[in-house]
1. Tell me, yes or no, whether segment 153-160 has at least one residue that is touching a strand residue (DSSP E or B) at 6+ places or on another chain (Cβ under 6 Å) and either surrounded by 22 or more Cβ atoms within 10 Å (Cβ to Cβ) or at pLDDT 95 or above (or both).
2. Take segment 177-187 and flag every residue that is touching a residue at least 12 places away in the same chain (Cβ under 8 Å) and either surrounded by fewer than 16 Cβ atoms within 10 Å (Cβ to Cβ) or assigned by TED's automatic domain parsing to the domain that holds residue 17 (or both).
3. Can you tell me which residue in segment 218-228 is farthest from residue 179 (Cα to Cα), limited to those that are surrounded by 15 or more Cβ atoms within 10 Å (Cβ to Cβ) and touching a residue at least 12 places away in the same chain (Cβ under 8 Å)?
4. Among the listed residues 263, 255, which satisfies the condition of being assigned to a loop (DSSP other than H, G, I, E, B) and either assigned by TED's automatic domain parsing to the domain that holds residue 159 or more than 13 Å from the chain's Cα centre (by Cα) (or both)?
5. Can you confirm whether segment 306-324 contains a residue that is within 18 Å of the chain's Cα centre (by Cα) and surrounded by fewer than 16 Cβ atoms within 10 Å (Cβ to Cβ)?
6. Is there a residue being in a helix (DSSP H, G or I), in contact (Cβ under 8 Å) with a residue 12 or more places away in the chain and buried (at least 18 other Cβ atoms within 10 Å of the Cβ) anywhere in segment 134-147?
7. Only one of these is over 16 Å from residue 176 (Cβ atoms), surrounded by 16 or more Cβ atoms within 10 Å (Cβ to Cβ), in contact with a helix residue (DSSP H, G or I) (Cβ under 7 Å, 6 or more places away or on another chain) and at pLDDT 95 or above: 201, 251, 234, 260. Name it.
């Protein structure tokens, strides 16, 4: 089966990761799918994306390309086409069959296009039941979305406690540095625990190394105890989780909105305890386990829960790993097969 996935830009984000994860699951389970990934532009991640494909021997499963000027986009051989939050391309797909819109964006303004999806589109796909509920609340008249969950590969579930250069226990923020991801609240939480001599801070996200962020960390007395990185390559994320596991660290996400929460799911799968804002997507990731959730804005509660995780890291690592079992790729493969069957493809 030839599948086309279209996304408007290639970044170091969750959409690219889920595409790689799907390909890995298809290969592992012997599902006959070739994914052709067409990007409207490259935001600097296409080389890393392609290198990951080669390093993990996925060349026969996933074929990336830039759509502008590429003839591959102009044929209609594809059995299925998924358009991920790129409504500007939909008008060019009138001759394509089995076209589905996939919505993964947590930004409300970027998913308003769902209200105007043509009847020619075969359906809408979302990554979680929690996000499906949000989408229907926003657009009660649209067709009921189909849930196709995000898989997390074995390399995350089986992540070892590798050697680490970290001399302190890291509190890790891995996301964009914007209002929705709530970076400002993350920094305020950092500030509340900065006096602990055993804790350090790792921030990975575009703009982390900007002078404004560095100056802010200097002003708050955080800079000497922090690692700030604009981005890391796709294959480096399991390494980061491995180092965090060895150093008995924690993943922090104070996000105000998520469609799924793939980065959190990867740390959970790796047995690294998390502290997440209590929003629907995060709640679903940890099955409403309050040890790993805090209420948005309640930074004091976040501090206390981080301290509890630090003091009880081993037992909470085992607990969080159990929550990660639902992200095994076999669950995605079952959902995929049910989807294909239901659509008669």
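1. Within segment 153-160 (the criterion being touching a strand residue (DSSP E or B) at 6+ places or on another chain (Cβ under 6 Å) and either surrounded by 22 or more Cβ atoms within 10 Å (Cβ to Cβ) or at pLDDT 95 or above (or both)), the answer is no, since none of the residues qualifies.
2. Correct list: 179, 180.
3. Of all residues in segment 218-228, those surrounded by 15 or more Cβ atoms within 10 Å (Cβ to Cβ) come to 222-223, 225-226, 228.
Of the ones still in play, those that are also touching a residue at least 12 places away in the same chain (Cβ under 8 Å) are 222, 225-226, 228.
Values: 222: 20, 225: 24, 226: 21, 228: 18 Å.
Looking at the filtered set, the residue picked out is 225.
4. Unique residue meeting the criteria: 255.
5. no
6. Yes, segment 134-147 contains at least one residue that is in a helix (DSSP H, G or I), in contact (Cβ under 8 Å) with a residue 12 or more places away in the chain and buried (at least 18 other Cβ atoms within 10 Å of the Cβ).
7. Exactly one residue qualifies, and that residue is 201.
For every residue, the table says whether it meets (1) touching a helix residue (DSSP H, G or I) at 6+ places or on another chain (Cβ under 6 Å); (2) touching a residue at least 40 places away in the same chain (Cβ under 8 Å); (3) surrounded by 18 or more Cβ atoms within 10 Å (Cβ to Cβ); (4) in the same structural domain as residue 175 (by TED's automatic domain parsing).
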| residue | (1), (2), (3), (4) |
| --- | --- |
| 38 | yes, no, yes, no |
| 54 | no, no, no, no |
| 62 | yes, yes, yes, no |
| 67 | yes, yes, yes, no |
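The values are calculated or read from the model by the stated rules, or taken from the named source; none is laboratory data. Just so you know, these numbers come straight off a predicted model, no measurement behind them. For neighbour counting, all protein chains shown are included, and Cβ atoms are generated from backbone atoms with ideal geometry for every residue, glycine included.
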